[in-house]
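Engineer: Please find one structure pasted underneath; my questions will follow.
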Ligand code: RP5
């Protein structure tokens, strides 16, 4: 069962290099059978596309936007400034092997993701964005389900099941340690 024919959540990211991380949010939504629409939009490289997207998101009737970006991560904040749809920001620490063929250990950010975390959370008063931890896109997905659970009681049940699964797996791990 899906909850709507149309996507309920918009997932956006600043670059295709963010998709490795942002797929964590998409996977949670897929698990919960909530439709989403995914797009790449750069706050700095495609500012006009960003403004158009905010109008598109309103027209589509999204309940939530999940926006991930690394470095000077202005994407979640700029989207929030264009719309009243709640925005969950995912600060991203990318390993920049896309353009520069660098090794996996060479990070795009010199600041370990703190730069993107602060760029997302330090919004001016009156224009908030909530943020999950660096690269924790899955948590953005779960948080989005919590918001949507106010509208769809079935999702609340699934979230409770998810919590109880977590409980079971920790207890199981603990039992394994005793052996
Ligand atoms: C940010 O710069 C993107 O969100 C990405 O995290 C980072 C690197 O982008 P690319 O150089 O891989 O396109 O704008």
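FYI, it's all coordinate maths here, none of it is from the lab. Computed from a predicted structure; not experimentally measured. Neighbour counts are summed over all protein chains in view; Cβ atoms, including those assigned to glycine, are modelled from backbone coordinates with ideal geometry.
Engineer: D for the chain, whole µm²/s, Stokes-Einstein with Kirkwood Rh over alpha-carbon pairs at 37 °C and 0.692 mPa s: what number?
Structural biologist: 193 µm²/s
Engineer: Let me ask something else. Using packing as a proxy for protection, rank 11-21, 122-132 so that the peptide with the highest average count of other Cβ atoms within 10 Å comes first.
Structural biologist: So the peptides 11-21, 122-132, ranked by packing, come out 11-21, 122-132.
Engineer: Turning to a different aspect of this structure: When DSSP beta bridges are limited to those with both residues in segment 9-148, what percentage is antiparallel, rounded to the nearest 5?
Structural biologist: Here the antiparallel bridges make up roughly 5 percent for segment 9-148.
Engineer: From Cα pairs below 8 angstrom and at least 6 apart in sequence, can you work out the relative contact order of segment 108-179, rounded to a whole percent?
Structural biologist: 14 percent
Engineer: To the nearest Å, what is the center-to-center distance of segment 20-85 and segment 100-179, using C-alpha atoms only?
Structural biologist: 16 Å
Engineer: Oh, and also: Against the globular-protein guess of 2.2 N^0.38 Å, express the Cα radius of gyration of segment 1-62 as a ratio, rounded to two decimals.
Structural biologist: That works out to 1.17 for segment 1-62.
Engineer: Rounded to the nearest 500 deg cm²/dmol, what is the calculated helix-only ellipticity per residue at 222 nm for the chain, with -39500 (n - 2.57) per DSSP H run of length n ≥ 4?
Structural biologist: Rounded to the nearest 500, the figure is -14500 deg cm²/dmol.
Engineer: Can you give the relative contact order of the chain as a percent, counting alpha carbon pairs under 8 Å and 6+ residues apart?
Structural biologist: 22 percent
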